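Visitor: Pasting a structure here, questions to come.
Throughout, read-outs are computed from the coordinates displayed, never taken from laboratory work. These numbers were taken from a predicted model, which means no experiment stands behind them. No Cβ is skipped: glycine too gets one built from the backbone with ideal geometry, and neighbour counts run over all protein chains shown.
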Amino acid sequence: MPSPAYLPESHVRVVGSFEELIATPFSDGVNALCWPRMLDGDFGEVAALLGLERGITILDPGTLHALPLSPAGQKAVEMMLADHRLLSEHGLEPVLNGINGYVQPEETGPVRTDVCSWHADSATAEVDTWLCTYHGESSEGLPNEQAVRRIDVPETRALLLESYGGVDDEGFCEWLNDRYYDLHYVPLPHAKPYSFGVGNLWRVATLHDGCVVPPCVHRAPDPVPGKTRLLLIS
């Protein structure tokens, strides 16, 4: 199975099966695992027939099976639900999403913190993030050495400190953490992002106690009005 066009070998390892994907440990700086796949079915037909409102919609089996699909569209639904079952059987909590843009919060701070910003996921337990884009633009990753945390950019930190209204002390660091500012990144000028691709199943490292590698820096694509994405995430 062909791999995506460009993957940084220092951070991404390509595997050949789900069993290898779930069993391979993160190590030696590798913080993303990719199982390349070419999936059968017409996922575009599924996306078109869903007719989603703006925002993120959780797709349950009943909704998907109720669509008046062609055989190719039915095959796409079967593939999505098979992935959902596979991850569930291995103790994960996958969700199938239909995404028609994102609804931004009414109040936004001085730093962007939505999923379309370069960010790392964090967790209080030893868990990873699983992703597969079935239709639409896919997520992207960024090698850690090609990014810097937004809070470490002097101009940005000054803006955040002004919003905080205090001094740059332990309380300020806690304030940044509480608002997830410390999980968002900006690419360096020479940065070369890589695409997660469509159909590929990914497992990426999160920030948690005991993680032996840096968390994977990634982002969702900026939404395009009327362009629905089909996504599995856990």
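Visitor: Quick check on the chain: helices-only [θ] at 222 nm, where DSSP H runs of length 4 and up contribute -39,500 (n - 2.57) each and the sum goes over total residues. Nearest 500, please.
Guide: Estimated from H runs of four or more residues: -7000 deg cm²/dmol.
Visitor: Rank-order 146-157, 56-67 by packing density, defined as the average count of other C-beta atoms within 10 Å over each peptide's residues, highest first.
Guide: 146-157, 56-67
Visitor: Compute the distance from the alpha-carbon center of region 177-221 to that of region 100-167, in whole Å.
Guide: Here the two parts' Cα centres lie 9 Å apart.
Visitor: May I ask you to list, by number, the DSSP H helices of the chain whose Cα span along the axis is at least 20 Å and whose average Kyte-Doolittle hydropathy reaches -0.5 or more?
Guide: 71-89
Visitor: Just to compare against my own numbers: the Cα pair-distance distribution for region 4-116, 5 Å bins, whole % per bin, please.
Guide: Percent of Cα pairs in each bin: 2, 9, 14, 16, 16, 17, 14, 9, 3, 0.
Visitor: Run the quick spin-label model on D28 and S70: label points 7 Å from Cα toward the beta carbon, then report their separation in nm to one decimal.
Guide: Between D28 and S70, the simple spin-label model gives 4.6 nm.
Visitor: Rank these for me by crowding, R179, R229, going from fewest to most other beta carbons within 10 Å. Please list the in-between numbers first.
Guide: Details: R179 16, R229 25.
Least crowded to most crowded, the residues run R179, R229.
Visitor: Neighbour counts of other C-beta atoms within 10 Å: give me H218, H208 arranged from fewest to most.
Guide: With the fewest neighbours first, H218, H208 line up as H208, H218.
Visitor: Ordered by packing density, taken as the mean number of other Cβ atoms within 10 Å over each peptide's residues, highest first, how do 131-137, 166-172 rank?
Guide: Working: 131-137: 22.9, 166-172: 11.1.
Going by the mean number of other Cβ atoms within 10 Å, highest first, we get 131-137, 166-172.
Visitor: Rank by packing, highest mean first: peptides 187-199, 85-97, with packing defined as the count of other Cβ atoms within 10 Å averaged across residues. Could the numbers behind the result be given before it?
Guide: Numbers: 187-199: 15.8, 85-97: 14.0.
Per-residue Cβ counts within 10 Å, averaged per peptide and sorted highest first, yield 187-199, 85-97.
Visitor: Can you tell me the equivalent ellipsoid semi-axes for the chain? Use √(5λ) from the Cα gyration tensor, largest first, whole Å.
Guide: 32, 22, 16
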